1. Over all Cα pairs of the range 22-81, how is the pair count split among 5 Å bins, expressed in % and running from 0 up to the last occupied bin?
2. For the chain, find the longest principal axis of its Cα atoms and tell me its angle to the long axis of helix 4-31, 0 to 90°, nearest 10.
3. Please give the helix 35-47 orientation as an angle from the longest Cα principal axis of the chain, in degrees from 0 to 90, rounded to the nearest 10.
4. Give the label of the value calculated from the structure for P(r) over Cα pairs in 10 Å bins from 0, in percent, choosing from (1) 11, 42, 40, 7, 0; (2) 10, 39, 30, 15, 5, 0; (3) 9, 30, 30, 21, 8, 1, 0.
5. Among 35-41, 67-73, how do they line up by average Cβ neighbours within 10 Å per residue, starting with the highest?
């Protein structure tokens, strides 16, 4: 038998994902990005200039998919492809000025939202919430892997 509290909690989690997703999609649209392209920008911000193969592995996508994502970001002025400095056969994906500004805006927005959401949550409650959330994510990944 399912505890009604479990369902109510799952409902709140689902609502949270919908609200966060809608907010993120609206902000990304204002920036001229899609969710997938923003994920690549985020990863490029973390890694610095990178080979497409490394980006595909980091995002868990195929080489064809990463090529399409990079093509889109090149076409909209966020990144360039340049010769790799040590591998003549490879190209390196690098930010343009516009791309670097978008990456900074993503990082700044992430920090601001974290501050707005959690600044007033007592440290012990936030730690507990984070532990529960980490456990839920691990469990969900296990369930997904079995499906």
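1. 4, 19, 32, 25, 15, 5, 0
2. 30 degrees
3. Taking the Cα atoms of the chain, the angle to 35-47 is about 70 degrees.
4. (3)
5. Working: 35-41: 19.9, 67-73: 18.1.
Highest mean packing first, the order is 35-41, 67-73.
Each value in this text was obtained by applying a stated rule to the coordinates, not by laboratory testing. Computed from a prediction, not measured in an experiment: that's the story for all the values here. Here the Cβ is made from the backbone with ideal geometry for all residues, glycine too, and neighbour counts use every protein chain on show.
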